[in-house]
Amino acid sequence: MVIEKMAMAGTLESSDAQVTVEPADSLTLHIESSVLNQYGRQIKATVEEVLARLDVTSGRVTVVDKGALDCTLRARVECAVFRSCDASMVNVPWGGVIQ
């Protein structure tokens, strides 16, 4: 999938994450988290895994984590990417791509 426009998913509430994706020439990932010292590597690995499964090779991805579980992070990244290319408008493959 190609990130065509800026899109966002999630909130800044406790136990959630806000994921923003924007078009860019290369793939960059920026993570802010209240638990970065404890779980930063796992957060990064989870986001990178979802992006790889969605075949995203370029874009700027920003994650503001407030203690979200892995399943929440996966859902937020998937939703933001789908929104960025209008895949969420019709025939949403929710969960079908991320198994």
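Computed values, structure above
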read-out	value
Only listed residue being out of contact with any Lys or Arg (no Cβ under 8 Å at 6 or more places or on another chain), of a type in the set (A, V, I, L, M, F, W, C) and farther than 15 Å from Met1 by Cβ, chosen from Val64, Val56	Val64
Residue that is farthest from Thr72 (Cα to Cα) [pool: residues in segment 5-25 that are part of a strand (DSSP E or B) and not small (Gly, Ala, Ser)]	Glu22
Lone qualifier among Arg60, Arg41 - being more than 14 Å from the chain's Cα centre (by Cα), modelled with pLDDT of 95 or more and surrounded by fewer than 18 Cβ atoms within 10 Å (Cβ to Cβ)	Arg41
Selection from segment 2-21 of residues that are at positive phi and surrounded by fewer than 18 Cβ atoms within 10 Å (Cβ to Cβ)	Ser15
Failed condition for Arg83, given (1) modelled with pLDDT under 95; (2) part of a loop (DSSP other than H, G, I, E, B)	(2)
Filter pass, Thr28 being in a strand (DSSP E or B), under 14 Å from the mean Cα position of the chain (by Cα) and not hydrophobic (A, V, I, L, M, F, W, C)	yes
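The values are calculated or read from the model by the stated rules, or taken from the named source; none is laboratory data. This structure is a prediction, so every number in the text was calculated from the model and none was measured. Counting neighbours? That spans all protein chains shown, and the Cβs are built from the backbone with ideal geometry, glycine included.
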